[in-house]
Amino acid sequence: MNKDFLELKDVSYQVGLKNILSNITFSLKKGEILTIVGPSGSGKSSILKIIAGLIKPSNGSITFLKNLLSSNKVLIPTGERKIGLMFQEDVLFPHYTVYENIEFGILNKEKNNRKKIVSKLLSVFKLNDVADLYPDKLSGGEKQRVALARILITRPKILLMDEPFSSLDYNLGKEISEFTIKLLKENKISVIFVTHDIKSAFRVSDKMLIIKKGKIIQNDTPENIYNKPSDRFIAEFVGEANKIEAKINKSGEILTPFGKINCLDCKNSQQECNSKKHFILIRPEDVNFVKNGLKCKVVDKFFLGDIWEYKVLIKKTLPALKVRTSNSDVKINEFVGLSINTKKILVFSK
């Protein structure tokens, strides 16, 4: 952890008797992109507002570049924190042109210097052709680029982004977010990014925080969040999974409908194997059709655009398993062989 950049320590926030955030502790390195993910109402946006200085935490401290921003006795104003904040809505000045919106953050500089800086950003963000237009004449993607340019012209050390691309359609949002992250990484600007889009979080993050009911329940790399979730909630929150009940025998093996599994072979901690009753979770992409495999019956199939999803039954007493594959040839009511990548199975105590 880099204590010389940004660190939150035991930050809590209460409104009346309600705990919005409880003992939030994490740090951010220079140039790192951290994504905060969690259900609606879990406190994600409150973390950003506390870092920005828009609300005062009830307890805890925030340190930035060795300077105390917030504690029980200290609260540095938002404008003095060198932290940029980009909300879900672009919030451009409607009576200013694109050029004037971007220029606003450096009005204290000499005019010729301002022109040079703004012209460079117009070029970087591909906004030269709309520089003289007002916000109501811009597309959604153009508005987002103007909003980002207006923030970056102030040269923030950290950029806080609260669902900034959620109002855009999927392809445009993906294009703008990739452009934005690339630019921020090139300029070594640290980012804390709040999103509901799990795929987007996996794509852009160096680290991810999973938050639930105001508490951090896992702080890890995207790969570990997906492959080694700390609990069942996270496993199911970040990706769809088949859930099957299982038991453990005296040898410490998990008994499943498709054979015995050694706890040590499972993706997550073997500590989960201490109890006798379990759930095992299997991602649909870890189940495949093979010629000589576990016999199952195909009961349904769906075309998802880039892949096919099948529902299969191993036994009538078990829930149907989802299988995702590019294979479109399997038919409903057909009996096929099934292969399960047991190395990818997640096991959780019931």
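The values are calculated or read from the model by the stated rules, or taken from the named source; none is laboratory data. Computed from a predicted model, the values in this text were never measured in an experiment. Glycine gets a Cβ as well: all are built from the backbone with ideal geometry, and neighbour counts include every protein chain shown.
Based on what the data block shows, is Leu68 out of contact with any Lys or Arg (no Cβ under 9 Å at 6 or more places or on another chain), closer than 15 Å to Ile158 by Cα and free of Cβ contacts under 8 Å to residues at least 60 places away in the same chain?
no
Residues checked against (1) surrounded by 20 or more Cβ atoms within 10 Å (Cβ to Cβ); (2) small (Gly, Ala, Ser):
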position	(1), (2)
Ser167	no, yes
Asn171	no, no
Leu183	no, no
Ser190	yes, yes
Ala201	yes, yes
Asp206	no, no
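How many residues are within 18 Å of the chain's Cα centre (by Cα) and either buried (at least 18 other Cβ atoms within 10 Å of the Cβ) or in a strand (DSSP E or B) (or both) when one looks only at segment 5-44?
Selection size over segment 5-44: 15.
Among the strands (runs of 3 or more DSSP E) confined wholly to segment 259-333, which include 2 or more residues that are at pLDDT 95 or above?
294-303, 308-313, 321-325
Looking at segment 45-67, which of the residues that are among the aliphatic types (A, V, I, L, M) and part of a loop (DSSP other than H, G, I, E, B) is nearest to Lys82 (Cα to Cα)?
My answer is Leu65.
Among the residues of segment 45-66, is there at least one that is basic (Lys, Arg), in contact with a Gly (Cβ under 7 Å, 6 or more places away or on another chain), surrounded by 14 or more Cβ atoms within 10 Å (Cβ to Cβ) and within 28 Å of Gln144 (Cβ to Cβ)?
No, that holds for no residue.
Just to verify a result, which residue in segment 187-220, among those that are over 28 Å from Asn19 (Cβ atoms) and assigned to a loop (DSSP other than H, G, I, E, B), is farthest from the chain's Cα centre (by Cα)?
Looking at residues that are over 28 Å from Asn19 (Cβ atoms) and assigned to a loop (DSSP other than H, G, I, E, B), I get Asn187.
When segment 223-254 is examined, which residues are found to be outside any strand (DSSP E or B) and without any contact (Cβ under 8 Å) to a residue 40 or more places away in the chain?
Across segment 223-254, the qualifying residues are Glu223, Asn224, Ile225, Tyr226, Ser230, Phe233, Ile234, Asn249, Lys250, Ser251, Gly252.
Hey, Pro77 hits all of (1) closer than 30 Å to Gly140 by Cβ; (2) more than 21 Å from the chain's Cα centre (by Cα) but one; which does it fall short on?
That leaves (1) as the condition not met.
Of the numbered conditions (1) in contact with a strand residue (DSSP E or B) (Cβ under 6 Å, 6 or more places away or on another chain); (2) without any contact (Cβ under 8 Å) to a residue 24 or more places away in the chain, Leu160 satisfies every one except a single condition; which is it?
Against the list (1) in contact with a strand residue (DSSP E or B) (Cβ under 6 Å, 6 or more places away or on another chain); (2) without any contact (Cβ under 8 Å) to a residue 24 or more places away in the chain, Leu160 comes up short only on (2).
Pairs, please: C-beta under 6 Å, at least 6 apart or cross-chain, first residue among the aromatic types (Phe, Trp, Tyr) and in segment 321-350, second surrounded by 19 or more Cβ atoms within 10 Å (Cβ to Cβ)?
Correct list of pairs: Phe348/Arg232; Phe348/Glu272.
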